[in-house]
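Trainee: Dropping a structure here in structure tokens format, bear with me for questions.
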Amino acid sequence: MSKELVIRMSQPGDAGVLQAASIDLPPPGAGEVRVRHTAIGVNFADIYHRIGLYRLPELPAVLGVEAAGEVEAIGSGPGGQDCSDLQVGDRVVYTGLPAGAYATARNVALNRLIRIPAGVSDIQAAGTLLRGITAYMLFQHVARVRAGDTVLVQAAAGGLGQVLGQWGAALGARMIGTVGSAGKGEVARNKGYQEAILYRQMDFVAEAMRLTDGRGVDFAVDGVGGETLSKTLQTVRPFGMAASVGQAAFSGNEDSAILPLSELGPYRSIALARPSVFRFMSDLSRYREGAEAALVRLEQGLVMDVSLTLPLAEAAEAHRQLESGKTAGGVILLPT
């Protein structure tokens, strides 16, 4: 047994429900690896777990779906040491369910661990893996983005937006992003976007249509929801595609997330996808495929800005900052 610090919640609520606790972590079992965390990614999925939008199997529960660290011990028996090429001391990263990454160390299923390439930092791996797999899912399995396509991304300066901008540009797509300020526009342009639309100062639908000479974009990615999603659909060309990702939890009342099929328009003929990256990753082969693709992108120079790093014990403040919308890029918790 080892004593470990964790951040857990006993009931849904605001950031104040996150409390530090000390637990006894048992040795890893067969098919498990104990990972000593070095960097923990903070995601909106963690907030959705905290407020009860995404249900947790039981409470109290430790939050967190993404982290990097070092292999500290490998469980023996079937699926354990004899079946792994991992060694103690290897740098690894993982993401997905079950939650539990807000901890100094954790036992993780061996088949979820991905070795971090030598040229990639633990912080970049921990902050980018989930977003990278999301980008892979969107661009390879949802819309099949190719060179010459035009892609619109809402919240282009955010963590996912930064990854999508660079990934799409590497594919040869023309990337158009929406941002809330001139400063965030500069961030977006440095992350692969050729155009950054200041949505508070102009009608982003009209501007997207102007930038595409009235044709519309081939693919639009919307992580905002509500009224914004309805407008996003208006930027898509006939027989194009829009994807709604994440949740509309901060878009207003519950009705704001309801989108009638009439919004797609009988004459506009566009498709709307509602992909879940957690569902995508539930298939182990897809998970590993997406994770390897994300790490290759990181090796090739993809970088997500890290706007905030805090000690693990300050996870509640990390949630507050992410919810405020003031962060531009990733939020990372450091266990030490």
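Every read-out reported here was derived from the displayed coordinates using simple, explicitly stated rules and does not represent laboratory data. Being a predicted model, the structure only gives us computed values, none of them experimental. Here the Cβ is made from the backbone with ideal geometry for all residues, glycine too, and neighbour counts use every protein chain on show.
Trainee: Mean-square fluctuation check for the chain, GNM, Cα pairs under 10 Å: which of Leu129, Leu164, Leu272 is largest?
Mentor: Maximum among the listed residues: Leu272.
Trainee: Right, something else. Multiplying the sequence separation of Ala170 and Leu198 by 0.36 nm and subtracting their Cα-Cα distance, what value in nm do you get?
Mentor: So the extension gain works out to 7.7 nm.
Trainee: Go through region 1-72 and name the trypsin sites (Lys or Arg not before Pro) that are in a DSSP coil and have 13 or fewer other Cβ atoms within 10 Å of their Cβ.
Mentor: Arg55
Trainee: Specify which labelled value, from (1) 18.9; (2) 16.5; (3) 15.1, agrees with mean projected area of the Cα convex hull in nm² derived from the coordinates of the model shown.
Mentor: (2)
Trainee: Report the charge-dipole magnitude of the chain in Debye, nearest 20, computed about the Cα centre from +1 at each Lys and Arg Cβ and -1 at each Asp and Glu Cβ.
Mentor: Rounded to the nearest 20 debye, it is 540 debye.
Trainee: For a Förster distance of 51 Å, can you work out the FRET efficiency between the beta-carbons of Ala206 and Phe278, rounded to the nearest 0.05?
Mentor: 0.90
Trainee: Let me ask something additional. Near the amide H of Val120, under 5 Å away, which other amide H atoms are found, from residues 5 or more places off or on another chain, if H is placed in the peptide plane?
Mentor: none
Trainee: If each DSSP helix of 4+ residues adds -39,500 (n - 2.57) and the sum is divided by the residues in the chain, what number results at 222 nm, nearest 500 deg cm²/dmol?
Mentor: Per the formula, -8000 deg cm²/dmol.
Trainee: Now a separate question. Work the Kirkwood hydrodynamic radius out for region 110-205: mean of 1/r over every pair of different alpha-carbon atoms, inverted, in Å.
Mentor: Averaging 1/r across every pair of different Cα atoms and inverting gives 14.1 Å.
Trainee: For the ranges 210-221, 175-186, what's the packing order if you count other beta-carbon atoms within 10 Å of each residue, average per peptide, and put the highest first?
Mentor: Working: 210-221: 19.2, 175-186: 20.9.
Highest to lowest by the protection proxy: 175-186, 210-221.
Trainee: Separation between the Asn190 and Ala118 pseudo-spin-labels, each 7 Å from Cα along Cα→Cβ, expressed in nm?
Mentor: The two pseudo-label positions are separated by 2.9 nm.
Trainee: Points 7 angstrom from Cα along the Cβ direction at Ser269 and Val303: gap in nanometres?
Mentor: 4.5 nm
Trainee: Taking only Cα atoms, what is the 0 to 90° angle, nearest 10, from helix 159-170's long axis to the longest principal axis of the chain?
Mentor: The angle comes out at about 70 degrees.
Trainee: As I understand it, the dipole of the chain uses +1 on the Cβ of Lys and Arg and -1 on the Cβ of Asp and Glu, about the Cα centre. Which of Ser181, Ile7, Ala67 lies farthest toward its positive end?
Mentor: Value computed over the given set: Ser181.
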